[in-house]
Amino acid sequence: MKEGNINFIGASAVNNGITALIGNTAHLHPANTITVNYNGSVGEAFYQTQPFWASDDVNVLYPQFKMTRDIALFLLPIIRKVGKRYAFENKWKLEEMENETIFLPCDLDGQPDYAYMTAFIQQRTGRLKQGASNLTSKCFLHKPSLAKKQK
């Protein structure tokens, strides 16, 4: 590994799977993909927004559709839930991943309903943003005293 600023994705459960920053530029995976650990923190899945290098303990899922951040955020908990069946007992290898079925909302033609997935995530993130905004805009009218009263 050379020093640099390219994300190295390892089998971690934290920090979007980023375990190091490297300078190696050969064999990079593209942005807009999902990484899934099959060893280490088995079943952890993350959406990658920048090109990256992945360890041998990580499978990279290349979408066969137009991936967006919102669609990825919808898919991640579903992938993690399936992956929990493999945690601590088996490695969730690519062959097993390919044989898994995940259930998604469908449109009237029986195709994955990406518009629904996008709207669902946008609604949820909108609520979170509003909640965070409410917290930062509130001021406390009463500040409790920490000093003991004198008798």
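Remarks
- A search for C-beta distances below 9 Å between a residue of the range 63-92 that is over 23 Å from C106 (Cβ atoms) and any residue that is among the acidic types (D, E) and part of a helix (DSSP H, G or I), counting only pairs 6+ apart in sequence or on different chains, returns Y86/E96; N90/E96.
- Residue match in the range 79-95 (condition: of a type in the set (A, V, I, L, M) and modelled with pLDDT of 90 or more): yes
- Residue check for A31: more than 11 Å from the chain's Cα centre (by Cα), small (G, A, S), under 25 Å from D113 (Cα atoms) and surrounded by fewer than 16 Cβ atoms within 10 Å (Cβ to Cβ): yes
- Total residues in the range 102-118, condition among the polar types (S, T, N, Q) and crowded, with 16+ Cβ neighbours inside 10 Å: 1
- Test: N39 is within 27 Å of N90 (Cα to Cα), of a type in the set (S, T, N, Q), modelled with pLDDT under 95 and open to solvent by 20 Å² or more (accessible area, probe 1.4 Å): yes
- Within the range 85-101, considering residues that are surrounded by 10 or more Cβ atoms within 10 Å (Cβ to Cβ) and not basic (K, R), the one nearest to V42 (Cα to Cα): A87
- The numbered conditions (1) open to solvent by 60 Å² or more (accessible area, probe 1.4 Å); (2) out of contact with any helix residue (DSSP H, G or I) (no Cβ under 8 Å at 6 or more places or on another chain); (3) in contact (Cβ under 8 Å) with a residue 40 or more places away in the chain are all true for I6 except (1).
The values are calculated or read from the model by the stated rules, or taken from the named source; none is laboratory data. The model shown is predicted, which means the values in this text are computed figures rather than measured ones. Every residue, glycine among them, receives a Cβ derived from its backbone with ideal geometry; neighbour counts consider all protein chains shown. Surface accessibility is based on the protein's heavy atoms, side chains included, excluding ligands, DNA and RNA. Shrake-Rupley method; radii C 1.70, N 1.55, O 1.52, S 1.80 Å.
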